[in-house]
1. Restricting attention to region 18-28, which residues are surrounded by 11 or more Cβ atoms within 10 Å (Cβ to Cβ) and either over 20 Å from L126 (Cα atoms) or touching a Cys at 6+ places or on another chain (Cβ under 7 Å) (or both)?
2. Taking region 5-31, which residues are in a loop (DSSP other than H, G, I, E, B) and at pLDDT 90 or above?
3. Looking at region 104-152, which of its residues are of a type in the set (A, V, I, L, M), surrounded by fewer than 11 Cβ atoms within 10 Å (Cβ to Cβ) and not in a helix (DSSP H, G or I)?
4. Identify the residue in region 32-54 that is outside any helix (DSSP H, G or I) and free of Cβ contacts under 8 Å to residues at least 40 places away in the same chain and, among all such residues, is surrounded by the most Cβ atoms within 10 Å (Cβ to Cβ).
5. Considering only residues of region 55-77 that are without any contact (Cβ under 8 Å) to a residue 40 or more places away in the chain and among the β-branched types (V, I, T), which is nearest to F43 (Cα to Cα)?
Amino acid sequence: MTEDPLARTELTFLLGMAFQLVLGEFLARLDAADLRPVHGLAFQALRHGGLTATELADVLGVTKQAAGQLVDELDSKGYVRRVPHPAGGRRKLVVLTGRAEDHLMVAGHTMRTLEAELAARVGDDLGGLRHDLTRVIRALAGDAPPPLRPIW
């Protein structure tokens, strides 16, 4: 019997391939042709009350200009809106609209379904994988894991 070539593949490549495959399948199932993965990351960052565009740039690890363009794009599509900042001044808070909240509910359901199907295919509840990945993240980042950033 020949050895599986993936058994000797470096961890970073395995993690990257798995991420790419799961994300690709998720996006194929999600009926959101006007959204890209970076939009989902922005939604996750904004979902707890909103951020300024500068704060969003910091969370996503992008320039202020890129975050501003992202906010403009999502605003034009009806997924976010700018509201006065509670602290006053000229700053604006970027918050999700109902359309974005609806998308997050559908996306969450889609991902849970995909995870359940994957678990059935590999004959595991993926709890072990989740536990092991959590241990790797904690070993490298401690109790403050960094946000997932669109660097791929």
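The values are calculated or read from the model by the stated rules, or taken from the named source; none is laboratory data. These numbers come from a predicted model, not from an experiment. Glycine also receives a Cβ, built like all others from the backbone with ideal geometry; neighbour counts cover every protein chain displayed.
1. Once the filter is applied, which keeps residues that are surrounded by 11 or more Cβ atoms within 10 Å (Cβ to Cβ) and either over 20 Å from L126 (Cα atoms) or touching a Cys at 6+ places or on another chain (Cβ under 7 Å) (or both), region 18-28 yields only L27.
2. Scanning region 5-31 gives T9, E10.
3. Correct list: A144, I151.
4. Looking at residues that are outside any helix (DSSP H, G or I) and free of Cβ contacts under 8 Å to residues at least 40 places away in the same chain, I get R36.
5. V71
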